[in-house]
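Each reported figure results from applying straightforward, stated rules to the coordinates on display, with no laboratory input. Since we're looking at a predicted model, the values are computed, not measured. Every residue, glycine as well, gets a Cβ built from its backbone with ideal geometry; the counts of neighbours run over all protein chains shown.
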Amino acid sequence: MKTRTFTISIILALLLVLPFINGCLKKGEEDPFLSIYTRKARVTGDWKVNNFYSDVKTTVGAGTDNQTRTVLQVDGENWNETFYVLGTDSVRETKGTILQYEYKFDKNGYYQSVYEYMIVKNSYNEDLGQDSTITTVIKLEYFGTWNFLGNIDDYKNKERLALVITEEKYLEYISRYVVSEDDDGAGSSLPPTRIAISKRYANGEMSTIWTLKSLRNKEMIMHQNINAFYVETLNGSGTPFTNVGYQEQTLVQGDAVEEE
């Protein structure tokens, strides 16, 4: 009788503990086999994007004659975009600086992110004898909720993270500083240009899904495949666009940020 009671107690204890252990087991391909923290606890907190890489090929039209490739890289504070016109030698590279790139995941399921970078370009106009410095700052903010997805298709339970966007803010600020040779090198600032766009969505209307390749206590690697198709129609004539590629970002937290 005592043995039976003991066995039942063990089974009940396992039933209570197993859900918590399951949340600590490996899900992503680069996850630790076992963590003392649940997956929710590992996501919750303030994160800084340490690295970001995006490689997307865009096809305009039904054929393959009009194709471009855009590679975007973020490494710490360095922002770099390379634009290729496929089938030609045309390559355009733009460098910038990351001002802030962060995520905040609340334990109650709310999240917000901010992505802000700056590009400075210098140009010279021979006809006017002017040097111009154009500074562009772009800031993107997102607000919404976050949650794990279940084991759909080949994905494990809590292997993917769904970010439901309820509010989106876009700000672009362009300032110009001109130095004229005719004015003995004196410089002047032109009136700045400011573009602000704010959008709100119903809960569930706009979302983005990331696969968690790695979810550790102070590091998270998020991966997303891109395969989009849409058509723009003007006066009854439509032009198809196809985007194919992927993007991946590495987020670090707490002490891992300070060690950089």
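Quick notes on this one:
- Across the stretch 119-259, Cα pairs under 8 Å and at least six residues apart give a relative contact order of 18 percent.
- The label point for residue 104 and the one for residue 126, both projected 7 Å from the Cα toward the Cβ, are 5.2 nm apart.
- Potential extension, residue 226-residue 112 segment - 0.36 nm per residue separation minus Cα distance: 38.8 nm
- Fewest-first ranking of 233, 82, 193, 211, using other Cβ atoms within 10 Å as the exposure measure: 233, 193, 82, 211
- Each residue, residue 173 and residue 133, gets one label point 7 Å from its Cα in the Cβ direction; the gap between the two is 1.6 nm.
- Listed by chain and number, the lysines whose C-alpha is less than 17 Å from the C-alpha of residue 169, apart from same-chain residues fewer than 8 away, are 104, 139, 199.
- Inter-site label distance for residue 53 and residue 157 at 7 Å from Cα along Cβ, in nm: 3.3
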